[in-house]
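No lab work stands behind these numbers, since they all come straight from the coordinates. Just so we're clear, the structure is a prediction, and the values are computed from it rather than from any experiment. Cβ sites come from the backbone with ideal geometry, for glycine too, and all protein chains shown count toward neighbours.
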Amino acid sequence: MKRAHKRVLVTGGAGFLGSHLCDRLLARGDDVLCVDNFFTGSRDNVLHLLGHPRFELMRHDVTFPLFVEVDEIYNLACPASPVHYQNNPVQTIKTAVHGAINMLGLAKRLNARILQASTSEVYGDPTVHPQPEDYRGNVNPIGPRSCYDEGKRCAETLFFDYHRQNKVDIRVARIFNTYGPRMHPNDGRVISNFVTQALRGEPITLFGDGQQTRSFCYVDDLIDGLMRLMDAEGEAHRPVNIGNPGEFTIRELAELVVRLTGTGSELVYRPLPTDDPMQRCPDITRAERLLGWAPQVPLEQGLRRTIPYFAEALGLEAPALA
Ligand code: NAD
Ligand code: UDP
Ligand code: UDP
């Protein structure tokens, strides 16, 4: 069946994930309104779209009300890297909570379906492994990561309250660590740090003993999952994990980056940040069943696509990948 053409709002659309989402929505024929305050995103990420007849860019902070006319809303506005979200924690909570209230108020007025970019951080430092959606998490409410974790948890609460109280048509994606082209080289997350360090021949900084784990999803897979969730019917208003269940220790990731780039960088150890989760891996049974979705790009293949992007962003020659 041919899908009706839609006007879609993407908040945080000039960020890493948001800009890829704008690309994909335009490619399938939708109108895209990209709203961003450029806190961690930039016009550069959507520069190639500025002349597109169905694309519009609006500078706006979602903590303030927004009155526009759209059919669907993807709410991605929020810094995602610990370095950035801890830089101004109060603004992070305001973005997560006031941003959610404003976008839910907008969705309510317009009768528009709204998808929240939630996070695996709602599970905190998990005691259940891998994490299914009904696991309630282990989050410290007063630590340096809390502004993000609790902000995103409160946003989920708001989504479900607007759903129950106002019949707002909601989707909640719990996104696990995602990487790929357009991550900012100074983003501070582990893949951008390791790859830029390797390319510059600088020491690769492992926090703690490097035995903590993460599960890394390539950006194209992630965007595919988000769009399927937005379009899904049935029990799709429940939270859905979107991530790649391939789980790696941070040391394994460092060794893989060293092998692929052929760098002479040494591995160095730095203190583990407070409340850094020790393990993380999505149970994606619900996404497979509900969306017919599973990630297609394993870590090594995704890194092979990502390393040349970072080389270009740093103005370096791309290494011949091993
Ligand atoms: P990003 O930092 O590249 O993008 C976030 C975008 O939101 C940026 O363009 C930023 O300028 C914008 N923004 C921040 N505060 C805003 C505000 N108050 N008003 C308007 N715009 C604002 O991060 P990303 O990796 O693209 O993440 C996008 C979303 O996905 C975030 O909500 C994040 O929490 C979620 N997420 C990402 C990951 C991941 O691994 N990338 C994992 C879990 C959840
Ligand atoms: N809101 C918005 N755009 C709209 C409709 C609402 O930004 O098109 C904001 C509105 O300013 C309010 C929030 O969304 O602060 C929540 O709206 P809701 O209608 O739920 O609450 P109320 O306005 O009754 O407080
Ligand atoms: N990490 C690391 N070195 C770095 C950056 C991060 O060892 O230069 C670790 C970090 O302590 C965490 C993991 O890599 O255990 C993932 O960190 P990231 O900031 O990418 O995401 P998050 O902690 O939010 O999953």
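Quick rundown of the values:
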{"read-out": "Taking N as its residue count, the alpha carbon Rg of region 180-322 over 2.2 N^0.38 Å", "value": "1.13"}
{"read-out": "Cβ-based exposure ranking for D149, D221, in which fewest neighbours within 10 Å come first", "value": "D221, D149"}
{"read-out": "Region 1-79 - Rg and Dmax from Cα coordinates, angstrom", "value": "11.8, 39"}
{"read-out": "Gap separating the Cα centres of region 194-244 and region 245-270, nearest whole Å", "value": "16 Å"}
{"read-out": "Neighbourhood net charge (13 Å Cβ-Cβ; Lys/Arg +1, Asp/Glu -1) for A236", "value": "+1"}
{"read-out": "DSSP-defined beta bridges in the chain - what % are antiparallel, rounded to 5", "value": "10 percent"}
{"read-out": "Within region 262-293: backbone nitrogen closer than 17 Å to the L256 label point (7 Å, Cα to C-beta)", "value": "262-263, 279-283"}
{"read-out": "DSSP bridge orientation in region 135-285 - percent antiparallel, rounded to nearest 5", "value": "25 percent"}
{"read-out": "Cβ-Cβ FRET estimate between H52 and Y309, R0 fixed at 30 Å, reported to 0.05", "value": "0.90"}
{"read-out": "Unit charges at the beta carbon, dipole of the chain: most positive-side option, V219, A254, L272", "value": "V219"}
{"read-out": "Net charge, L49 excluded, C-beta distance under 13 Å - Lys, Arg +1, Asp, Glu -1", "value": "-2"}
{"read-out": "Simple spin-label estimate for N111 and L272 in nanometres, 7 Å along Cα-Cβ", "value": "5.2 nm"}
{"read-out": "Reachable lysines from K6, criterion Cα separation under 28 angstrom, eight or more residues apart if same chain", "value": "K108, K152, K167"}
{"read-out": "Efficiency of FRET between Q301 and F67 - r from beta-carbon atoms, R0 45 angstrom, step 0.05", "value": "0.55"}
{"read-out": "Among G13, G180, G208, residue whose mean-square fluctuation peaks in a GNM of the chain (springs only between Cα atoms under 10 Å)", "value": "G208"}
{"read-out": "Cβ-Cβ FRET estimate between E233 and I101, R0 fixed at 35 Å, reported to 0.05", "value": "0.85"}
{"read-out": "Label-point gap, in nm, between A294 and A318 - each point 7 angstrom along Cα→Cβ", "value": "2.9 nm"}
{"read-out": "Residue exposure sequence - K167, K152, K94 - by fewest surrounding Cβ within 10 Å", "value": "K167, K94, K152"}
